[in-house]
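The values are calculated or read from the model by the stated rules, or taken from the named source; none is laboratory data. Just so you know, these numbers come straight off a predicted model, no measurement behind them. Positions of Cβ are generated from backbone atoms using ideal geometry, with glycine treated the same way; all protein chains shown enter the neighbour counts.
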Amino acid sequence: MKLTMLGVGSSAGTPMVGCNCTTCLSIDSRNNRTRCSSFIELNNGKIILIDTSPDLRLQSLREGLTRVDAVLYTHTHADHMHGIDELRAFCFIQRSQIQLYGSHETMAHIANKFAYALREPSNNWDMPVLKVNPINAPFQLFNQTIIPIPLKHGKNDIYGYRIGDIAYLTDVSGIPDSSLLLLHGLKVLLLDCLRYATHHTHINVEQSLRYAGLIKAKSTYMIHMTHDLEYTSLATKLPCDIYVGYDGLKLTVN
């Protein structure tokens, strides 16, 4: 499988509007962070997108992404969902309906807020043509097992996902013990890492490192970072096999 990080930024993105901090003014492209999303290309060519950030159009143009076969949603917050209308481009190119997967709450939210996009295929491809699929257990998608990983995001219950030996855990404030059991033997872990200071709905650097030590993936990449975290400065502080993610980073997992 091949994984591409479309965005590793927090809800405000980096540079942040109106900010003159070192990270926001940096000329290192790895400090330019669009809102958080990634996609995985399976060995059969199918593309699974994780979340639809508000930056999806620009991310797709930057990475040459022209196909999306399904979307896994982690939760309903705007920085992870409000690029849903950009899926119209892929429906138009493919002339096919795109399947959406997520918790019952997340799918109900989409049905309520974006009902116009939930349509059966017809001769009109000018709008998104999407279908919601509520999930609460592992399921098969394109001959690949997808395992939803229950997480806490403040008071909210959300999902991360395990796809083969890759796990994607964003917007984490806590990982239940039962979910940690689902993460054994990972080759690649993408893990929330908001900032240095504590936060009530996200883990910080210290907490992220603690979870990485418990999960013990062969490689862990920090994602969903604010401008408080400058790429080189953070990278020098991390243990072996733990890395700072950046927009456009590509990984291949055998």
### Query
Does Ile84 meet the test of being touching an Asp or Glu at 6+ places or on another chain (Cβ under 8 Å) and modelled with pLDDT of 95 or more?
no
## Note on the structure
Output for Cβ contacts, cut-off 9 Å, separation at least six or different chains, first residue more than 24 Å from Tyr161 (Cβ to Cβ) and touching a residue at least 24 places away in the same chain (Cβ under 8 Å) in the range 189-201, second surrounded by fewer than 24 Cβ atoms within 10 Å (Cβ to Cβ) and of a type in the set (Gly, Ala, Ser), reads none
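Tally the residues that are farther than 24 Å from Leu229 by Cβ and touching a residue at least 24 places away in the same chain (Cβ under 8 Å), restricting the search to the range 22-48. Step through it out loud before you land on a result.
In the first step, residues of the range 22-48 are kept if they are farther than 24 Å from Leu229 by Cβ; the result is 40-48.
Narrowing the set further to residues that are touching a residue at least 24 places away in the same chain (Cβ under 8 Å) leaves 40-44, 46, 48.
Result for the range 22-48: 7.
Among Leu3, Leu49, Leu72, Leu61, which is touching a strand residue (DSSP E or B) at 6+ places or on another chain (Cβ under 8 Å) and farther than 26 Å from Asn204 by Cβ? I'd like the intermediate steps shown before the answer.
Working: Leu3 fails: farther than 26 Å from Asn204 by Cβ; Leu72 fails: farther than 26 Å from Asn204 by Cβ; Leu61 fails: touching a strand residue (DSSP E or B) at 6+ places or on another chain (Cβ under 8 Å).
Being touching a strand residue (DSSP E or B) at 6+ places or on another chain (Cβ under 8 Å) and farther than 26 Å from Asn204 by Cβ holds for just one of Leu3, Leu49, Leu72, Leu61, which is Leu49.
Go through the range 148-170 residue by residue and tally those that are of a type in the set (Ser, Thr, Tyr), out of contact with any Phe, Trp or Tyr (no Cβ under 9 Å at 6 or more places or on another chain) and either more than 11 Å from His202 (Cα to Cα) or at pLDDT below 95 (or both).
Going through the range 148-170 one residue at a time, the tally reaches 0.
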### Query
Hey, among the residues in the range 185-225 that are in contact with a strand residue (DSSP E or B) (Cβ under 7 Å, 6 or more places away or on another chain) and of a type in the set (S, T, N, Q), which one's surrounded by the most Cβ atoms within 10 Å (Cβ to Cβ)?
Thr220
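Would you please name the residue that is nearest to Asp177 (Cα to Cα), looking only at residues in the range 191-242 that are among the hydrophobic types (A, V, I, L, M, F, W, C) and in a strand (DSSP E or B)?
Leu191
Looking at the range 172-190, can you tell me whether even one residue there is in a strand (DSSP E or B) and more than 16 Å from the chain's Cα centre (by Cα)? Walk me through how you get there before you give the answer.
The first filter runs over the range 172-190 and keeps only residues in a strand (DSSP E or B), leaving 174, 188-190.
Those still in the list that are more than 16 Å from the chain's Cα centre (by Cα) too: 174.
Among the residues of the range 172-190, at least one is in a strand (DSSP E or B) and more than 16 Å from the chain's Cα centre (by Cα), which makes the answer yes.
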### Task
Kindly indicate which of Ala167, Ala137 is aliphatic (A, V, I, L, M) and farther than 16 Å from Asp51 by Cα.
Ala137
### Task
Assess whether Phe90 counts as being of a type in the set (Phe, Trp, Tyr) and in contact with a helix residue (DSSP H, G or I) (Cβ under 7 Å, 6 or more places away or on another chain).
no
### Message
Every residue in the range 1-21 that is more than 12 Å from His227 (Cα to Cα) and hydroxyl-bearing (Ser, Thr, Tyr), please.
### Response
Thr4
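Looking only at the range 66-86, which residues are touching a residue at least 60 places away in the same chain (Cβ under 8 Å), over 17 Å from Asn143 (Cα atoms) and not small (Gly, Ala, Ser)?
Narrowing the range 66-86 to residues touching a residue at least 60 places away in the same chain (Cβ under 8 Å): 69-70, 72-75, 77-80.
Going one step further and asking which of them are over 17 Å from Asn143 (Cα atoms), we end up with 73-75, 77-80.
Of everything in the range 66-86, those that are touching a residue at least 60 places away in the same chain (Cβ under 8 Å), over 17 Å from Asn143 (Cα atoms) and not small (Gly, Ala, Ser) turn out to be Tyr73, Thr74, His75, His77, Asp79, His80.
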